[in-house]
Amino acid sequence: MDGKTLTGKLLSDHLVSGSLEAGEECRIRVDSTLVHDMSGLLAFMGFEAMGLDRVAVSAPNLFIDHNLVAMDASSLNDQEFLQSCARRFGLAISRPGNGICHSVYYHRLGRPGTILVGADSHSATAGALGVLGIGAGGLDVAVVMSGEPFQMKAPRVLNVRLEGKLRAVSCAKDVALLLLGRLGVKGCVGRIMEYSGPGVETLTVPQRATIANMGAEMGATSSIFPADEQVRRFLCAQGREEAYRLCLADPDADYEESLTIDLSRVEPMVALPGQPDRVVPVSQAKPVEFSQIFIGSCTNGSYTDLARAALVLRGRKVHSGTAVLAACGNRQIYQMLLRDGYIGMLVDAGVRFLECACGPCMGIGQAPASGAKILRTTNRNYPGRSGTPDAEMYLCGTEVAAASAITGQLSTPARWMDVSLLEKIKEPEHYLVDDGMLLRYDKAPTGEPLCDSPNIRPMPVKEPLSREISGPVSLKLSDGVSTDDIVPPEPKILTLRPNVPELSKYLFHNLDPAFAARAAAAGSSFLVAGDGYAQGSSREHAAIGCMYLGVQAVLVRSIHRIHRANLINYGVLPLLFEQQEDWAAVDQGDQLFIESVWDQLVGDGRIRVENRSKGCSFYVRSDLTPYERELIRAGGLIPYIRSRRGNREDVER
Ligand code: MIC
Ligand code: SF4
């Protein structure tokens, strides 16, 4: 067997330099980019700070979709800045109300066989179309927008072979949850999940999008499905048949790792609060009552998701003790569900409709009461994710959510489903196409001045790497810390994004409110964490905030890909404990010291850390590629690009 995987084909088609050997550094050509109203701020502030002056990637996109609540003027001020960037540099703008970036992207923009780099961790949702979508921090996306290749460590490919066909009671979300339960939240770090097998052709593009979307929760670099007949049909239904290109793995593709799921045996699943991999079948979960249920998000906001929920709720009322909220993934779906009567059914049942946006999924609006138990069809349930630090969030598919909306407690859907009716809901043959909320600009620079937002403060930039690093451990954390723990998703914090000094005051706020002041007072410090550090979003404030507070190095047992890259981009060293005992032996407040950092980095990558408080030393490991080492040496991506451009300009002169 020496056939090529689909991932291998796409990466080698786009390889600019480097090697595709797993773990090696590679540079790949990118076809399109995605930033949104939250991640776009640092992306464009970084773009300016790096002195970049043109957008050269073929299809750059800005989506205004995350924070549409606008509790005060700051959100719209920031959006005006972003829209002026988009007009000046020729990005397409998906206007507020047009929908959630990933949903709009795969419905209206994505093209099979291309590579997307998005400043959002769920960019792999586009894998439903046979697009290789990779999430990254805003700075990386800024550099890619300017026309540079994307740099990463070449991933391994995990083949997920699907057999059989889903039964009416189960859905694509159950497949994603089942995989999470099996593989865990860090089970796919360094891997791309490639789907194959006869079960694939039974899944529609939106079902594939649900599954591809949640690869992010397993730490995957991306997830990809073949671009086959289902994709062709979907693109035709979208009036975009011209975008179609057959993209398949070779029949004898050689996968290093494989696992098989029989779709016909998948049952309704639920993730218990805390982490999305705490998964059990709904039938085996302990009884729980919910005060709030939300149906929607980039994971479960498709036409069939909402239509199926409507048919479960049709002619019934939501439970008197439960607030039930819903939102469509995009405006196209909203219009069609309105036309076809499904929104009416949901509203009759007592469901409250929100606009097509992220909103509650990331703590912007609809924060539940303290200590509430809630059920959502979203993808993340880390503590604090709903905006209420002690609320407990369960995750499920739309059918379980709709059944639970009737009973007010976690319920399997079978009793509430009329299977013959549900089977009538098919993937639409024609979507209603109206791109009136999708503005496209010419890429020739307009010279338009950028709108100033009063919230924007200059981006802090780190000094080049010093000879030695010393300071106290300003925070010691255990396993499974998410980026939602680092930057809590609450409106008052998230709206501080263009103001790094202010936002940094809230870092780790729900875990240790004294951290920011302590780290700032130390001036230079270390952060110590356990396994699976910084799972979750691409939110790079989790990195730049630490840098701003003087954190020089983050010592962890393992770390998630996007945050690792963000730390390096801001000049903060990610280092890996070699032994669990070494992690256990370090205490918060211990004074650590690393001498001749650069020499140790370019040596065998083993770095000696002296614990001066305990009078002992231990080793950590650096797994930086040569390019990443250069970034650390320069103080991060901004000074690195500035100096490279400076040198180029000197040569040109
Ligand atoms: C998320 O789902 O956590 C977000 C909000 O979409 C983030 C983006 C961000 O915080 O800028 C993500 O997934 O990357
Ligand atoms: Fe938006 Fe939630 Fe999807 Fe993130 S996970 S893009 S916040 S809907």
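In segment 41-84, what percent of the accessible surface is made up of carbon and sulfur (1.4 Å probe, ligands and nucleic acids excluded)?
49 percent
Quick one: length gained pulling Lys426 to Glu80 fully straight, 0.36 nm per residue minus the C-alpha distance?
120.6 nm
In sequence order, what are the phi-derived ³J(HN,Hα) couplings for segment 154-167 according to the Karplus relation 6.51 cos²θ - 1.76 cosθ + 1.60 with θ = phi - 60°, rounded to whole Hz, with x for glycine and proline?
4, x, 8, 10, 9, 8, 10, 8, 9, 10, x, 9, 5, 7
Does segment 75-214 classify as rounded, prolate or oblate by the C-alpha gyration tensor (a ≥ b ≥ c root eigenvalues; a/c under 1.5 gives rounded; else a/b over b/c gives prolate, otherwise oblate)?
Prolate, because a/c is 1.5 or more and a/b exceeds b/c.
Asp53 to Ala369: extension gain in nm, 0.36 nm per residue of separation minus the Cα-Cα distance?
109.1 nm
Determine the share of segment 513-566's accessible area contributed by carbon and sulfur atoms, expressed in whole percent, with a 1.4 angstrom probe.
Carbon with sulfur: 59 percent of the solvent-accessible area.
Mind checking the per residue accessible area of segment 576-653 for me, 1.4 Å probe, whole number of Å²?
53 Å²
How big is the gap, in Å, between the Cα center of segment 604-634 and the Cα center of segment 561-596?
8 Å
Run the Debye formula on the Cα coordinates of the chain, all scatterers equal and no solvent, and tell me log10 I(q)/I(0) at q = 0.08, 0.09, 0.10 1/Å.
-0.55, -0.70, -0.87
Taking the Cβ-Cβ separation of Val16 and Arg233 as r and a Förster radius of 25 Å, what is the calculated FRET efficiency to the nearest 0.05?
0.15
Apply 1/(1 + (r/R0)^6) to the Cβ-Cβ distance of Glu578 and Asp434, taking R0 = 41 Å, and write down the FRET efficiency to the nearest 0.05.
0.15
Kindly state, to the nearest 0.05, the FRET efficiency for Arg316 paired with Ser643, given R0 = 51 Å and r defined as their beta-carbon distance.
Given R0 = 51 Å and the Cβ-Cβ separation, E is 0.20.
Give me the one-decimal nm value for the distance between modelled label points at Glu241 and Arg457, 7 Å along each residue's Cα-to-Cβ direction.
With each label point 7 Å from Cα toward Cβ, the separation is 5.6 nm.
Which order do peptides 426-434, 207-215, 221-229 fall in by mean Cβ count within 10 Å, highest first?
207-215, 221-229, 426-434
Tell me which residues come under 5 Å, amide H to amide H, from Arg376 once H is placed; ignore anything under 5 positions away on its chain.
Phe294, Tyr394, Leu395, Cys396
Which Cα, out of Val282, Ile261, Gly219, lies furthest along the positive dipole direction of segment 205-311 (beta carbon charges, K/R +1, D/E -1)?
Highest projection toward the positive end goes to Val282.
Assigning unit charges at the beta carbon (Lys, Arg +1; Asp, Glu -1) and nothing else, what dipole magnitude in debye, to the nearest 20, does the chain show about its Cα centre?
860 debye
Which whole-Hz ³J(HN,Hα) couplings does segment 212-217 yield from phi under the Karplus relation 6.51 cos²θ - 1.76 cosθ + 1.60, θ = phi - 60°, glycine and proline marked x?
Whole-Hz 3J(HN,Hα) from phi for segment 212-217: 4, 3, 7, x, 4, 6.
Which whole-Hz couplings ³J(HN,Hα) result when phi for each residue of segment 527-542 is put into the Karplus expression 6.51 cos²θ - 1.76 cosθ + 1.60, θ = phi - 60°, listed in order with x for Gly and Pro?
For segment 527-542, the Karplus-derived couplings read 10, 10, 9, x, 7, x, 5, 6, 5, x, 6, 8, 3, 7, 4, 4 Hz, x marking Gly and Pro.
For the pair Ala70 and Glu468, how long in nm is the line joining their label points, each one 7 Å along Cα→Cβ?
Inter-label distance under the simple model: 5.5 nm.
For segment 1-112, go through all pairs of different Cα atoms, get the mean of 1/r, take its inverse, and jot down that Kirkwood value in Å.
That comes to 16.1 Å for segment 1-112.
Keeping all protein chains in place, calculate the accessible area per residue for segment 44-152 (probe 1.4 angstrom), answer in Å².
It amounts to 21 Å² per residue over segment 44-152.
Counting only protein chains, not ligands or nucleic acids, how are Arg629, Arg385, Arg161, Arg182 ordered by accessible area (probe 1.4 Å), most first?
Largest accessible area first, the residues go Arg182, Arg161, Arg629, Arg385.
Which of the pairs Lys4/Lys153; Lys186/Lys286; Lys153/Lys173; Lys186/Lys426; Lys173/Lys424 have their Cα atoms more than 23 Å apart in this structure?
The pairs that break the limit, which is 23 Å between Cα atoms, are Lys186/Lys286; Lys153/Lys173; Lys186/Lys426.
Whole number please: convex hull volume per residue, Cα atoms of segment 498-556, in Å³.
Convex hull of Cα atoms, per residue: 82 Å³.
For a protection proxy built on the mean count of beta-carbon atoms within 10 angstrom, sort 39-49, 459-469 highest first, please.
The peptides rank, most packed first, as 39-49, 459-469.
State the answer as a single residue: which of Pro491, Val57, Tyr533 lies farthest towards the positive end of the charge dipole of the chain, with beta carbon charges of +1 for Lys and Arg and -1 for Asp and Glu, about the Cα centre.
Pro491
Could you pull out every residue, at least 5 positions away or on a different chain, whose amide H is within less than 5 Å of the one on Val551? Hs are placed 1.01 Å off N in the peptide plane, and Pro or chain starts have none.
Hits under the 5 Å cutoff: Ser525.
Amide H of Ala323: which non-local residues (sequence gap of 5 or more, or other chain) have their own amide H closer than 5 Å, using H built in the peptide plane?
Answer set, sorted by chain and number: Gln292, Ile293.
Largest first, what is the accessible-area ranking of Tyr394, Tyr533 with a 1.4 Å probe?
Listed by decreasing accessible area, they come as Tyr394, Tyr533.
Need the full-extension length gain, Cys616 to Asp348, defined as separation in residues times 0.36 nm minus the C-alpha distance. One decimal, nm.
The span from Cys616 to Asp348 would gain 89.7 nm if fully extended.
The values are calculated or read from the model by the stated rules, or taken from the named source; none is laboratory data. The shown structure was predicted, so the numbers you read here are calculated from the model rather than taken from an experiment. Please note: Cβ atoms are built from the backbone with ideal geometry, for glycine as well, and neighbour counts cover all protein chains shown. The area values use the complete protein model at the heavy-atom level, side chains included, leaving out ligands, DNA and RNA. Shrake-Rupley method; radii C 1.70, N 1.55, O 1.52, S 1.80 Å.
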